[in-house]
Amino acid sequence: MNSHHPETSVAASPCVMVIFGASGDLTKRKLIPALCNLAADNVLPKQFAIVGFATNDYTSESFRQKLSEDIPKYAPLPVDPQLWSWFLERIYYVKGDFADAEAFKRLQQQIATADKEHDCQGNKLFYLAVAPRFFGPITKMLGDTGLLTEDPTHWARVIVEKPFGHDLASAIQLNKDLSQVLTEKQIYRIDHYLGKETVQNVMVFRFSNNIIEPLWNRHYVDHVQITAAETVGVEHRGGFYETAGALRDMVPNHLFQLLTMTAMEPPISFDADEVRNKQAEVLHAIQPLEAEEVLTNMVRGQYGPGMADGARDAGYRAEPDVSPNSNTETFVALKLQIDNWRWAGVPFYLRTGKALAQRTTEIVIQFRRTPFVLFRNTTVKNLETNRLVIHIQPDEGISLSLGAKVPGALMKLGLVNMDFDYKTYFGAEHNTGYERLLRDCMAGDPTLFQRSDMVEAGWSVIQPILDVWHALPARGFPNYAAGSWGPAEAEDLLARDGRAWHRTDQDLMEQRNRIALMDKTGVT
Ligand code: BG6
């Protein structure tokens, strides 16, 4: 296995990891495969055990059996049988209701047994892979049972999954509830986008390259685009999605992680709070949208029938657990301004959606145009601008487009790409995205986790939008065909400013056609 966990001085400590919601999707798809990857990389502590906790009717034995059936389906690479049996020996299960004090007593006993059998040294990691309404009650139960108590030799940490609240008030309330039983240092609010290699690389790319950082500001950058486009619809999550929508599901968390990594000031160290202070500053510098601006700077959409991902899609309203009159948005595009010395006047355009034309997550830095005077008396009619694209998925890499002379007697210009592909240089990663985050939590490094103030700052940006949308429900949904690039208004949002969304495949094709045409006609 080829994995690249940056060396950190602190190793993951021995611990018992308790997974609430152990019978759910996240456990089988991400957590267990990620823990196996860590074990295969020798990064998982040897003194380790897992206790699954859920309402389903498993025993430790039948839970192990279930995981053994799941793992070949979900592990990115086949798991070594020897490693798997080592792993199975340290898996336990407790059946119980999240509100049942007796069940938490049983859990406490099971943790103690697992700890003793595997010498986990009293450390406990609780993973809340459950619906958000259980975050408060579970932590309260854990607190009442005494399982969250720390002392200088034992730690207790809690990883909280998203969504962290559904608006500003509920996020503040949740922070309050958690703080009744946990210190901020014990809370690890996870966002799996920060586990993605290329997202972490944004910081390294910006701050370790002397040729990049001097250009990274309003003097050179025209605007920034952040796209997280998915080809899938809501799959089997219609029930959840109806209460969330694309804005809540993706923007205050995943897209804001990409935004803060891109826009933050250089921290003076990788110290967790140093980095997170800089990210929080970005969120605080985002100009709050007035009601009027919500109407002009925000676009919402919902997919209707079309062809998505190579198959016929009947549209969002036909998905299971979705109302046939649903007004939930499955697409959102927005324009934000970061009002600080580095970025004043540089728009940040964000968009995300389901059932779109292409799966792609990327950050585009579009640089300003150079003066045209040099080319005034040539056949060149248009100067292309430099563009830096940070590709986050499905392919991870960075490409920089540069203007170049097309070979030949006439002065013709074309765009060429300098590409760096992660796979080519470092080999394919087979990670789930959770490895680094789980390891960091076991090592007590919260850099890649959200602090309470960051979560609240993110929701503060979103709240005015929710308020206006609530007052003025969407009309005219569905407004884009499954398999398209979203509603026409999203194109208008940029067109109004004389700009356009970046399209990887289309761009390349157009560029090739342009050069071919120029070759034929001798015209640029
Ligand atoms: C989740 C959202 O947090 O992120 C999903 O709830 C979305 O709706 C997913 O599909 C996207 O994650 P990724 O890693 O596939 O981009």
Point-charge dipole on Cβ atoms (K/R +1, D/E -1) for the chain, about Cα centre, debye to 20:
1200 debye
Over all Cα pairs of region 24-99, the Kirkwood radius sets Rh, and Rg/Rh then becomes 0.96
Cβ-based charge dipole, the chain, positive-most Cα from Pro487, Ile71, Thr183
Pro487
Mind checking which of Phe126, Thr139, Gln110 is farthest towards the positive end of region 32-144's charge dipole, using Cβ charges of +1 (Lys, Arg) and -1 (Asp, Glu) about the Cα centre?
Thr139
Lysines within cross-link reach of Lys66: Cα-Cα under 18 Å, excluding same-chain residues under 8 positions apart?
Lys28, Lys30, Lys95
At R0 = 30 Å, how high is the FRET efficiency between Ser179 and Thr153 if r is their beta carbon distance? Nearest 0.05 is fine.
0.80
Magnitude of the Cβ-charge dipole (Lys and Arg +1, Asp and Glu -1) of region 258-388 about the Cα centre, nearest 20 debye, reported as 780 debye
Here region 59-187 gives, from Cα atoms, an Rg and Dmax in Å of 16.5, 49
If you average 1/r over every pair of different alpha-carbon atoms in region 297-432 and take one over that average, what Kirkwood value in Å do you get?
19.1 Å
Given H placed 1.01 Å from N in the peptide plane, which residues other than close sequence neighbours of His223 have an amide H under 5 Å from its amide H?
Gln366
Going toward the positive end of the dipole of region 304-432, with +1 on Lys and Arg Cβ and -1 on Asp and Glu Cβ, which of Ser326, Val406, Leu388 do you reach last?
Val406
Which whole-Hz couplings ³J(HN,Hα) result when phi for each residue of region 459-467 is put into the Karplus expression 6.51 cos²θ - 1.76 cosθ + 1.60, θ = phi - 60°, listed in order with x for Gly and Pro?
5, 5, 6, 7, 4, x, 5, 4, 4
How many nm separate the modelled label positions at Arg342 and Ile211, each set 7 Å beyond the Cα in the direction of the Cβ?
2.1 nm
As a Kirkwood estimate from alpha-carbon pairs, the chain has a hydrodynamic radius in angstrom of 24.9 Å
Once phi is turned into θ = phi - 60°, what whole-Hz ³J(HN,Hα) does the Karplus curve with 6.51, -1.76 and 1.60 give for every residue of region 140-150, x standing for Gly and Pro?
5, 4, 4, x, 4, 7, x, 7, 9, 6, 10
Can you tell me the dipole magnitude for region 61-169 around its Cα centre, using point charges on the Cβ only (Lys, Arg +1; Asp, Glu -1), in Debye to the nearest 20?
180 debye
Helix-derived mean residue ellipticity, 222 nm - over the chain, DSSP H n ≥ 4, -39500 (n - 2.57), to 500
-11000 deg cm²/dmol
Along region 208-224, what does the Karplus equation 6.51 cos²θ - 1.76 cosθ + 1.60 (θ = phi - 60°) give for ³J(HN,Hα), rounded to whole Hz, x for Gly and Pro?
10, 10, 5, 7, 8, 4, x, 8, 8, 6, 5, 6, 10, 9, 7, 6, 10
If R0 = 51 Å, then Asp144 and Leu77, at their Cβ-Cβ distance, give a FRET efficiency to the nearest 0.05 of 0.80
Interchain or sequence-distant (5+) residues whose placed amide H lies within less than 5 Å of the amide H of Ser13 are Ala443
Once fully extended, how much extra length lies between Gln287 and Arg312, figured as 0.36 nm per residue of separation less the alpha-carbon to alpha-carbon distance?
4.9 nm
Using label points projected 7 Å from each Cα along Cα→Cβ, tell me how many nm separate Asp119 and Glu89, to one decimal.
1.2 nm
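Quick note: the coordinates plus some simple rules give every number you see, no bench work behind them. Quick caveat: nothing in here was measured; it's all calculated off a predicted structure. Backbone-built Cβ (ideal geometry, glycine too); neighbour counts: all protein chains shown.
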